[in-house]
Amino acid sequence: MYSIFFHLREKNSRLTGLQELFTLFTVNGVNKNSGVNMATRREKLRVESIDEIKALARRQMAQEGTAGISLRGIARDMGMTAPAIYRYFPSRDDLITALIVDAYLAHADAIDAADARCARTSYGDRVAHMMFAYRAWALANPVDFQLIYGNPIPGYEAPREVTVPAASRVSAPIITALTEAYAAGALRPTPEFLHLPEAVERHLRAFAEAGGYPVPPEIFAIAMHGWNLIHGTVWLELFGHTPPVIGDPEAFCRHQVIALCRSMNLSVTDT
């Protein structure tokens with residue numbers, strides 16, 4: 001199964017092989033750098049080929065939707081035989097999984113970067129700017145956004161052990177900021193979040209316990225509310241539904257996010 005974990009295992013085994021090659025060349029008095037450089041060049045070409053395959057897959061998705069990925073079509077565009085492309089991705093599903101992981105991690109990196117630009121105790125700024133980053137990345141990468149949040153791809157089942165950790169990175173920094181704000185007394189949930197429906201609260205508690213998350217159910221509920229707000233706003237904007245109505249989607253989004261933060265006593269000063 002192709003995944004980021006496969007990359008790590010492959011990298012480790014490759015390094016071990018190169019170290020053995022280095023030792024062999026040293027003992028035999030052969031120019032050790034030539035073999036290492038050759039392996040490095042091969043790896044560079046492999047990475048470039050993988051990047052090209054992914055780029056062509058994204059182009060296919062942009063033209064035909066997320067279900068339009070075809071390894072044979074990609075091989076044809078790259079001028080290689082169909083069997084050759086399977087050396088990089090054994091199946092279409094492996095390629096889809098790699099694209100999903102890439103998308104989640106890129107989205108998470110954008111959110112992490114927004115969080116890092118804010119002071120640690122400026123909780124409102126942190127939450128707001130991470131939500132702004134959520135929207136900005138989606139608009140800049142609509143194909144990837146639809147891949148990870150859109151309609152399921154027929155016949156594809158994501159390997160949870162690979163995709164869930166990557167997906168969790170998107171929400172983790174926002175939940176962390178909310179949890180820290182709550183612990184510091186800065187975040188004051190509105191009564192609606194302190195008195196959740198019994199079934200919802202029970203499920204949120206079980207979810208937190210199963211995942212080992214030290215997060216109160218009201219914080220999970222606030223995070224879900226924020227996600228519903230920003231995700232729905234982005235989705236409607238992405239498909240052109242709201243811009244004709246509200247005129248300035250960015251200003252509208254910022255207004256909504258700041259209002260949400262301030263409704264729970266989180267001040268947003270750096271706007």
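Residues of segment 121-148 that are in contact (Cβ under 8 Å) with a residue 12 or more places away in the chain and surrounded by fewer than 18 Cβ atoms within 10 Å (Cβ to Cβ): 121, 136, 139, 141, 142.
Taken over segment 225-240, the criterion of being of a type in the set (Phe, Trp, Tyr) and more than 15 Å from residue 132 (Cβ to Cβ) is satisfied by 235, 239.
Here residue 192 fulfils each of the conditions (1) farther than 19 Å from residue 126 by Cα; (2) crowded, with 19+ Cβ neighbours inside 10 Å apart from (2). Flag not set for residue 196, criterion: of a type outside the set (Val, Ile, Thr), modelled with pLDDT of 95 or more and closer than 28 Å to residue 105 by Cβ. Scan segment 2-19 and give yes if some residue there is closer than 29 Å to residue 165 by Cα, modelled with pLDDT under 95 and touching a Ser or Thr at 6+ places or on another chain (Cβ under 7 Å), otherwise no. The answer is yes; a qualifying residue exists. Of all residue pairs spaced 6 or more apart or on separate chains, none has beta-carbon atoms under 9 Å together with a first member in segment 28-55 that is farther than 28 Å from residue 78 by Cα and of a type outside the set (S, T, N, Q) and a second member that is loosely packed, with under 10 Cβ neighbours inside 10 Å and at pLDDT 60 or above.
Taken over segment 222-271, the criterion of being assigned to a loop (DSSP other than H, G, I, E, B), under 20 Å from residue 142 (Cβ atoms) and among the polar types (S, T, N, Q) is satisfied by 242 alone.
The values are calculated or read from the model by the stated rules, or taken from the named source; none is laboratory data. Predicted model, so just to flag it, every value in this text is computed and none were measured. Because the Cβ atoms are built from the backbone with ideal geometry, glycine has one as well, and the counts that use them run over all protein chains shown.
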